[in-house]
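The values are calculated or read from the model by the stated rules, or taken from the named source; none is laboratory data. Keep in mind the model is a prediction, meaning the values are calculated, not measured. Cβ placement follows ideal geometry from the backbone for every residue including glycine, while neighbour counts extend to all protein chains displayed. Side chains are part of the model used for accessible areas, which takes the heavy atoms of the whole protein and leaves out ligands, DNA and RNA. Shrake-Rupley method; radii C 1.70, N 1.55, O 1.52, S 1.80 Å.
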Amino acid sequence: MTNKDKKTAVIVGAGPAGLTAAYQLLEDSEIHPLVCEQSDVIGGISQTVNYKGNRMDIGGHRFFSKSQRVNDFWNKIMPLQGSPSTDDILLDKKKEFAKDGPDPEKTDRVMLVRERVSRIFFLRKFFDYPISLKLNTFTNMGLVRTIKAGCGFLWASVNKRKETSLENFYINRFGKPLYSMFFEDYTEKVWGIHPSKLGADWGSQRVKGLSIIAVLKDMLTKKFGKKSADKVETSLIESFVYPKYGPGQLWECVADDIVSKGGEVRKNAAVKRVNVENNRVQSVVVEAPDGSEQTLPCDYLLSSMPIKDLVAAIQGKEVPADVSRIASQLPYRDFITVGLLVKKLKIKNETKIRTYDHRVPDTWIYIQERDVKIGRLQVFNNWSPYLLSDYKNTMWIGLEYFCTEGDEMWTMDKQAFIDMAIRELAHIGIIDVEDVIDSTQVKIKKAYPSYFGTYYELDKVIAYLDSIENLYCIGRNGQHRYNNMDHSMLTAMETVDLMVSGGKDKSSIWAVNTEEEYHETKQS
């Protein structure tokens, strides 16, 4: 059967959801997938940016899931290699840059086992993340803060608040003093709004099993027994797998496989209009960078584009005023990463984890300090040493800022922003300015769907979109849900299952990441 004889599914977006859907359609059906990506980059927020041979993971992606189906997908694309020694890394790096052969990102398809180390930087000291009940935690907090934290937790344990906000969600699990120290300011940095004005939905989807009780159980289990991976609260995982050259490598490989199997992946193809007749999508209009347009007929439309853009693009079916208002006002949070190549960090490894040249072992460092705007610091050396062009002599770090498109940070001059970021990191004692070798900046729009405003009326929009028979909303922005990578993949898998079975009820797609069993690839 030729592609002309097959039914066609147009898939909007070449991120994890869109590419997973295309791959699964080729595996499980005779439906021809055509992926339209508005940019020239594969992977969406899961892309890897290559800057002069140094690769940046935007937002940080831990490959860990309680879904065997997701794990099997990853393993099929990239088999597990293990954890390389420092000697192996340095030898491999020499080989990589000495050869003129194929791009290693295309040919060296392996997953590495990485240790999960994330800590909080607060009061110019390190605290475990999630907060642990170790002596070091109490020493860093000091006697007065420790007593307040203990009393606050006991009070919260017997005086539960109604979980009408994210603030109450955290206080119920940690007590008010710990919430104020470790969650309040950081959450406001991320979302640009106080936790008291954010819905508890975010916590229920991202950290629903995390609490002081969960931390205690984890400590006791480690000391006195074993537990299976599917019982581990996700925020407490201690290891994960990771593509050798970053998450973008995996999604580039998936895109290549889709094409090799007969599917299509088109870059710089922005879907501008969705033509609907008789409650079915008949075609989409795609715009190229030069402004030219092409109409693509389709039998199915799988959309991972932001819901506000999808609703605005619909033609031929009346959009109720209420639905249009809700969709157009859905809130988002945008994201800026400053990549810094430095000779060294001033902070040293004071943990028991062995590292090369006594470097800190962290993948992420959450910056809780109130006197800087930076929210989080990534140490790319620890995600994968192959992300660096010179692993032995340099540190490659990502300074993460949360903002809103059009605000002061978003509109700041690029070099001025980089200079500010360097000053902030020096101010809190993590680097010396003179150790900076090179720098860059990457902006990501609509990185995080937000949980306030018209989000709480989203059901009306979902009902309208679901009334279009062959339209399926998948992925993070496609559902306006703060999904992790594996959640996004599962929405695509559920959609393909439904298409293949001929089912009409789309509730299973929207149910991903709302069920009790929690699947996660930890990501910001």
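A few points about this structure:
- Qualifying residue in the stretch 197-204 (condition: at pLDDT 85 or above, among the aromatic types (Phe, Trp, Tyr) and surrounded by 14 or more Cβ atoms within 10 Å (Cβ to Cβ)): no
- Across the stretch 301-338, the qualifying residues are those that are in contact with a helix residue (DSSP H, G or I) (Cβ under 9 Å, 6 or more places away or on another chain) and of a type in the set (Asp, Glu), and the one among them that is nearest to TYR451 (Cα to Cα) is ASP334.
- As a summary of the residue check, LEU330 satisfies the conditions (1) touching a residue at least 40 places away in the same chain (Cβ under 8 Å); (2) more than 28 Å from the chain's Cα centre (by Cα) except for the one numbered (2).
- Failed criterion for ASP362 (all others in (1) open to solvent by less than 10 Å² (accessible area, probe 1.4 Å); (2) acidic (Asp, Glu); (3) not in a loop (DSSP other than H, G, I, E, B) hold): (3)
- Residues located in the stretch 462-479, provided they are closer than 24 Å to GLY44 by Cα, out of contact with any Ser or Thr (no Cβ under 8 Å at 6 or more places or on another chain), touching a residue at least 60 places away in the same chain (Cβ under 8 Å) and of a type outside the set (S, T, N, Q): LEU465
- If you filter the stretch 54-86 down to residues that are assigned to a loop (DSSP other than H, G, I, E, B) and of a type in the set (S, T, N, Q), you find that the one that is nearest to GLY248 (Cα to Cα) is SER65.
- Qualifying residue in the stretch 83-98 (condition: in contact with a strand residue (DSSP E or B) (Cβ under 6 Å, 6 or more places away or on another chain), at pLDDT below 80 and not β-branched (Val, Ile, Thr)): yes
- Residue in the stretch 28-37 that is assigned to a helix (DSSP H, G or I) and either touching a helix residue (DSSP H, G or I) at 6+ places or on another chain (Cβ under 6 Å) or within 30 Å of SER389 (Cβ to Cβ) (or both) present: yes
- Scanning the stretch 123-139 for residues that are open to solvent by less than 20 Å² (accessible area, probe 1.4 Å), within 28 Å of PRO385 (Cβ to Cβ) and over 21 Å from the mean Cα position of the chain (by Cα) yields a total of 2.
- Unmet requirement for GLU115, which otherwise passes all of (1) surrounded by fewer than 17 Cβ atoms within 10 Å (Cβ to Cβ); (2) of a type in the set (Asp, Glu); (3) out of contact with any strand residue (DSSP E or B) (no Cβ under 8 Å at 6 or more places or on another chain): (3)
- Close pairs from the stretch 21-45: first without any contact (Cβ under 8 Å) to a residue 60 or more places away in the chain, partner open to solvent by 20 Å² or more (accessible area, probe 1.4 Å), Cβ under 7 Å, at least 6 apart: GLU30/MET1; GLU30/LYS6
- Checked against the criterion of being open to solvent by 30 Å² or more (accessible area, probe 1.4 Å) and farther than 22 Å from THR363 by Cβ, the candidates GLY142, GLY150 yield just one match: GLY150.
- The residues of the stretch 12-24 that are within 25 Å of ASP309 (Cα to Cα) and either part of a loop (DSSP other than H, G, I, E, B) or not hydroxyl-bearing (Ser, Thr, Tyr) (or both), listed by number, are VAL12, GLY13, ALA14, GLY15, PRO16, ALA17, GLY18, LEU19, ALA21, ALA22.
- Meets criteria (part of a helix (DSSP H, G or I), more than 20 Å from GLY398 (Cβ to Cβ), open to solvent by 10 Å² or more (accessible area, probe 1.4 Å) and among the β-branched types (Val, Ile, Thr)) for VAL500: yes
- The condition of being under 20 Å from the mean Cα position of the chain (by Cα) and open to solvent by 50 Å² or more (accessible area, probe 1.4 Å) holds for ASP40.
- Near pairs, Cβ below 8 angstrom, 6+ apart or cross-chain, from the stretch 409-433 (acidic (Asp, Glu)) to any residue that is in a loop (DSSP other than H, G, I, E, B): GLU424/VAL372; GLU424/LYS373; GLU424/ILE374; ASP432/LYS346
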